[in-house]
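Accompanying notes for the structure given below.
The values are calculated or read from the model by the stated rules, or taken from the named source; none is laboratory data. Bear in mind the structure is a predicted one, so any value in this text is a computation, not a measurement. Every residue, glycine as well, gets a Cβ built from its backbone with ideal geometry; the counts of neighbours run over all protein chains shown.
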Amino acid sequence: MLLRPRLVVSRAALLGSAACLASGLASGFAAAQTPASPATVQAPKQSAAAAPAAAVPGTTPGATSAATLQTPAPGDAAAHIPGASPADYKPWGFQLAGRDKDVVPGNDFFGYANGTYVRDLVIPSDRNSWGAFNMLAELSRVRVQQILTELAAHPVAQPATIEEKLGTFYAAFMDEKTVEAKGAAPLKPGLDAIRAVEDRKQLAALMAQAQFGFQSSLFGLSIEPDAKDPTKYSVMVSQGGIGLPDRDYYLQAKFAEKKKAYQAYVAQMLGLAGWPDADHAASDIVAFETAIAKISWARDAMRDPDKTYNPMSVDALVKAAPQFDWRTWLDTAGVGSAKELVLTTKSAVLAEARLAGATDLATLRAWLAFHLVDDAADDLSSPFVNASFAFHGKTIGGSPELEVRWKRAVEATSGAMGMAIGKVYVARFFPPDEKATMENLVAKLKDAFHNRLEHNTWMSASTKAEALRKLDNQAIQIGYPNKWRDYGSLVVRPDDAFGNAERAIAFEWRFWLGHLGKKVDRDEWDMTPQTVNAYNNPPFDEVVFPAAILQPPFFNKDADPAINFGAIGGVIGHEMTHSFDDEGRKFDRLGRLHDWWTKADAKAFGEKAAKLGAQYDQFSPVPGMHVNGKLTMGENIADQGGLTLALDAYHAWLGGKQAPVLDGLTGDQRVFLGWAQVWRMKLRPDAVKMRLVVDPHSPPEARVNYVMRNIDGWYKAWDVNPGDKLYLAPKDRVQIW
Ligand SMILES: [Zn+2]
């Protein structure tokens, strides 16, 4: 999440309860600099750039030379990003040349719809994945760069207005000369503070500084709406402490080389920071983090909202795990007044406190030092930036090259003041009529869902009635939030990129501290308007569609309606369905974690979900690794519901009329092509492996093939029969919603 870069252990991020459409697609190296402490989905450290020319129009035509993307002139560069404008999808919204007509749709629909496009697609050298989604995200980034470049053109010594602060923040990051001249100096106060830690109380106090800058904590701390009473905020505490993307990287043989590279990287960073005996310290740190990994919860286990809701008084926590100085930690972070906390990964938090208590201070100081350097690297001089990229971007993420500075500057500024950028972005790039068009589409999808729920055959009358009430109550947010944030107290300085970043972290935390004790503000968004994504927030019973997603290939004003139903209609349906996936279904119409299902209905749901999960478990996009059906359960249910609703909504829109045939393709066929086109994407092998472990979304091929094979309408539209590879007998198809 760009908006809350340091608060990544939010309940939403941890549980995926704010389920989104896709992970890590738009994130750049800078924004993806995930702190050590949180056990969250660590987005791939990657970025975007242009790709060399290719044969298929709109994939990577010559119009998108690297030069175009790296130095866009304000006002015109946006038009040159392929795949992000209606002109790339002429004449009716689907790039026919991207198909591979040698592939039988019933054998591999992804290959049929996207085969030529994906084969010819060249992943830019500073990315680990590339595709239609990324291109739109890149358009957004170029537009933000235009905004920031303009604002940075008028430097002021003491920025006061939000425009001045944005321009100054961006310019300070871009001021490579000053950043290089400072070298490792900005780290000194932080490293001095770490060296000064002589007892457990000082250790806890310093870990609380993670909320206010680049220090790290073993535990995640966040302020979130309480799952059982979403009108009030709770203080959440979560497991943390590891620097690799997931516990699997420490514990599984297939990641042994990555772990080895991590230890070398830890030593390298400590060496750059001047920490004594770096090799020995690195070995201790990795051993310590391996012990943390062993007691940490697996990602799929963290998806159960019941298991992750563990209220505990501070007194009880202190008693249960006295090895960590909780009171000092909470007081210093500013939440000392909280009498009760909610522990998400409770057993891991307690075990980590005991582990920390049994670990010598020298190791803990070295752990703090490494993570300080690692988290701050992108705001430091080139030795730090390059080392960080070589490990996170290249070794882990698979990207060959570091992205250019302006891209990282955009990510850094977006991470610090994303909502301020959003205000300008919306005024410039989001015409009011697009909001109205979207409202219209959303209403159609909601009608389709309502209709499906009314005709549901496996739920009892009481559960069904409550489900309908929940759907009717679902709030829809489109484009941008109802109110904008005030950045008045954020101090930005022209010559201090490092300090600006730290002050932005502190500003963000104080923003949330200000919410504590107040009624929950339902106008807060978890994504900025310029983000190409969408999400469902169960405690608010709402779905949110930021402005930037309302563009091709998702929404194309020039496209045939069937394409838009399949693409943005499928996305709307996906987000709506999240309210009824295996996590979302546990929240009632008031957003409370509260069981409103009969036992029999819950059992029926569980059986269907397990059957769907078993299907996805089979898919292996790289040798030796499979999709985790449990981790991806919510997203798979949402995909399946989304596309089903899109087809229903299209039929309702046709109102019994016959759809025209375009280029030999029927209306129903075009709905499926519209969805498939959104997932035109290619990933580097390391990125595939990482996502299989950390990403709650299935790989692109599965988001097409495994969704469609469960939808009866797909068999009819494409004449899929027994013998076709994706064919499932009707009894084996899973239709939950
Ligand atoms: Zn989703």
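Here is how the numbers come out for the structure above:
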| read-out | value |
| --- | --- |
| Within the stretch 353-382, considering residues that are surrounded by fewer than 24 Cβ atoms within 10 Å (Cβ to Cβ) and within 28 Å of the chain's Cα centre (by Cα), the one nearest to L513 (Cα to Cα) | S381 |
| Filter pass, K483 being farther than 30 Å from K182 by Cβ and without any contact (Cβ under 8 Å) to a residue 40 or more places away in the chain | no |
| Check on D246, within 22 Å of D374 (Cβ to Cβ), among the acidic types (D, E) and either in contact with a helix residue (DSSP H, G or I) (Cβ under 6 Å, 6 or more places away or on another chain) or free of Cβ contacts under 8 Å to residues at least 60 places away in the same chain (or both) | yes |
| Considering residues of the stretch 640-683 that are more than 21 Å from R119 (Cβ to Cβ) and of a type in the set (V, I, T) only, the residue nearest to the chain's Cα centre (by Cα) | T644 |
| Neighbours by Cβ (under 6 Å, 6+ apart or cross-chain): first from the stretch 694-714, among the polar types (S, T, N, Q); second away from the ligand (no atom under 16 Å from the Cβ) and at pLDDT 95 or above | N705/F109; N705/F110; N705/L726; N710/R733; N710/V734 |
| Conditions (1) under 26 Å from V385 (Cβ atoms); (2) in a loop (DSSP other than H, G, I, E, B): number failed by K228 | (1) |
| Yes/no for A113 being part of a helix (DSSP H, G or I), at pLDDT 95 or above and of a type in the set (G, A, S) | yes |
| Residues located in the stretch 428-475, provided they are within 26 Å of the chain's Cα centre (by Cα) and among the acidic types (D, E) | E434, E439 |
| Members of the stretch 557-581 that are within 16 Å of the ligand (Cβ to nearest atom) and more than 19 Å from the chain's Cα centre (by Cα) | A567, G569, F580 |
| Tally, over the stretch 428-480, of residues that are surrounded by fewer than 20 Cβ atoms within 10 Å (Cβ to Cβ) and within 29 Å of I162 (Cβ to Cβ) | 10 |
| Filtered residues of the stretch 123-135 (kept if modelled with pLDDT of 95 or more and of a type in the set (A, V, I, L, M, F, W, C)) | I123, W130 |
| Condition check for D526: within 16 Å of the ligand (Cβ to nearest atom) and surrounded by fewer than 22 Cβ atoms within 10 Å (Cβ to Cβ) | yes |
| Residue pairs meeting the criteria (Cβ under 8 Å; at least 6 apart or on separate chains; first free of Cβ contacts under 8 Å to residues at least 24 places away in the same chain, in the stretch 567-586; second more than 12 Å from the ligand (Cβ to nearest atom) and in a loop (DSSP other than H, G, I, E, B)) | R585/W597 |
| Search result, residues across the stretch 490-521 that are assigned to a loop (DSSP other than H, G, I, E, B) and either of a type in the set (D, E) or touching a residue at least 24 places away in the same chain (Cβ under 8 Å) (or both) | L490, V492, R493, P494, D495, D496, H515, L516, G517, K518, V520, D521 |
| Boolean, N500 is exposed (fewer than 15 other Cβ atoms within 10 Å of the Cβ), of a type in the set (S, T, N, Q) and modelled with pLDDT of 95 or more | no |
| The lone exception for G415 - which of (1) under 22 Å from the mean Cα position of the chain (by Cα); (2) within 30 Å of G566 (Cβ to Cβ) it fails | (2) |
| Neighbours by Cβ (under 7 Å, 6+ apart or cross-chain): first from the stretch 652-670, within 27 Å of H450 (Cα to Cα); second among the charged types (D, E, K, R) | A652/K444; A652/D447; W653/K444; R670/D560 |
| Restricting the stretch 109-144 to residues that are of a type in the set (V, I, T) and within 17 Å of V404 (Cα to Cα), the residue that is surrounded by the fewest Cβ atoms within 10 Å (Cβ to Cβ) | I123 |
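Yes/no matrix, rows are residues, columns are (1) at pLDDT below 95; (2) touching a His at 6+ places or on another chain (Cβ under 8 Å); (3) hydrophobic (A, V, I, L, M, F, W, C); (4) under 30 Å from F498 (Cβ atoms):
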position	(1), (2), (3), (4)
W329	no, no, yes, yes
T345	no, no, no, no
A348	no, no, yes, no
E352	no, no, no, yes
T363	no, no, no, yes
